[in-house]
Structures are given as structure tokens and as C-alpha cells.
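To keep things clear, I will list the structure first and then write my remarks on it.
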Amino acid sequence: MISSNQTETGTSTQDETAVDLPWNVIVHNDPINLMSYVTMVFQKVFGYPKEKAEAHMLEVHEKGRSIVWSGAREHAEHYVQTLHGYLLLATMERGQ
Amino acid sequence: MIFYQTPEGRLGFRDIPPVLAEILRQVPTCSDLEDEAVEARLFPPPTEDPLEEGARDDWKAYVQPELHDLFQTSRQTVDADLRGLKEEGDFFTVEFSSKHVPAWLNTLNQARLALAAQHNFDEGELSQPGPLQITNEKELALLQINFYAAVQQWLIETLEE
């Protein structure tokens, strides 16, 4: 299982990081959403390969949350909206 | 009940017993209700940051209506497909375009989340096998949640093929 540090999450392009402090997109555990569904959504939304999508899904399941993406606020908002469209419990928070 | 794909790529369920056909018919309406717990689960806030009250207000004003429309469109697609449920002897059959799979996944998920929120299921209750006999609404809701999960799982596997 991977840890939820920055090196394991997706990142934005270089020109964004200088201006905006990174925001993390977090997916929270939910006993209803199927593990296979959550994996499929991570693949579709972030373009992650199945192994990486499954690692994030397992982190959500076992630790209660996973940082699935970090980067500019505007993009984080877009991802949270997209994840809500798939009915995942997602939030964004300022990176530490 | 048997899941199948036609050579033309359409998907379907056949040999559906009447009770499951009725439960399937209810998919589009499960989440279409005014219930605070359901509303809270289907439309969560984008951030828990106490400094972001304005962002939550904007989200409610601009993003939630878009999500509401998205969910409604999915329900309408599934509802139209389910109007095609055909009685064949003692069982029912329904068939739909594979292009509707995202709408089905979304609507099944809405229904499962709404039922769980409405009946306040906890994780322990959800991990139980379905009841053998239905004696109250909560047991019926658990049966629906489990049945819709089985349909969702099959649709996901179909997408992966």
C-alpha cells in the first residue's frame, strides 16, 4: 500500500506551482461505493493506471482517506466537482 | 436473473423474477426525494476548511445545480430504459444501449447512497448478507442496496472487458 505523500499523487504543471500554493484533492471512505467503482473512477478522472488507482482506493478503504491529486486550486475545484459527479465523497484542502 | 450482451453490443438482464423487476423499476426514484440526509450525502461541501465559507456558498449556488442536472439526466435515461421491461412468461427482460452504462452506474449509485442515508445504515449493517425474509422497510432497503451493487458490479466488469 502506498502512503499519501506528494510523490505518490498527481501534480500540476510547473507554471502553476509558482503562483498557487498546492491544494490537495482528498477522497474519503464511504461504505457504500464499491471498491471496483472507486478504482474505475480514479482511472477515468485522473487517467491513472489500474495499479495506481487501486492503491489510492485501498488507501481510502484502509486509512479513511487518500490524497488523489495535488496542484492549483482551480484544477482541484474541477476535480472535486467531477468526483462529486461520480458521487464520491471528495474534498479539497490546502497542502501543508 | 442473467446478465447478457448482444452481438450488437447492447446489454440486458433476462429471467428477472417479478420482485426483482419491481426493485429494478424503483432505481430512478430512490434518490429523487426531499430528505436532508440524502441531500447531504449526494451534495457534500467541497471543503471543510473553516476559512472557505464563501467557497461553500458559491458551490451551493453554482456547482450543485449542475450536479443536480447531471443526476437527473442519468435517472431519466435509466427510467426510459426501464420502461422497456418486458414480461416473458413468469419473468421479465430489459435491454439497453451500452452507451447508457455511465447513466446506469450513476443512477444505481445515487439509489444506493440515498437508501443508506435515508435508513441511516452503519458500516456493520451494510456488511451483513441480505435478510432472508423482509419484515420492514430497512430490510427492504438493504436488499435493494445489495441487489443494485450486484448490477453495478456486472456493469463495471462489462466496461473493463
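The values are calculated or read from the model by the stated rules, or taken from the named source; none is laboratory data. Remember, predicted model here, so these are calculated numbers, not experimental data. Reconstructed Cβ throughout: ideal geometry from the backbone, glycine too, with neighbour counts over all protein chains shown.
When the range B:21-57 is examined, which residues are found to be over 23 Å from B:ALA117 (Cβ atoms) and surrounded by 13 or more Cβ atoms within 10 Å (Cβ to Cβ)? B:ALA21, B:ASP49, B:GLU52, B:ALA55 - these are the residues of the range B:21-57 that are over 23 Å from B:ALA117 (Cβ atoms) and surrounded by 13 or more Cβ atoms within 10 Å (Cβ to Cβ). Would you check if there is a residue in the range B:61-83 being in a loop (DSSP other than H, G, I, E, B) and either at pLDDT 95 or above or touching a helix residue (DSSP H, G or I) at 6+ places or on another chain (Cβ under 9 Å) (or both)? Yes, there is a match, as at least one residue in the range B:61-83 is in a loop (DSSP other than H, G, I, E, B) and either at pLDDT 95 or above or touching a helix residue (DSSP H, G or I) at 6+ places or on another chain (Cβ under 9 Å) (or both).
Among the residues in the range B:138-161, are any within 11 Å of another protein chain (Cβ to nearest Cβ), surrounded by 14 or more Cβ atoms within 10 Å (Cβ to Cβ) and of a type in the set (Lys, Arg)? No - not one qualifying residue is present in the range B:138-161.
Looking across the range B:58-70 at every residue that is among the hydrophobic types (A, V, I, L, M, F, W, C) and at the interface with chain A (Cβ under 9 Å from one of its Cβ atoms), the one that is surrounded by the most Cβ atoms within 10 Å (Cβ to Cβ) is identified as B:TRP59.
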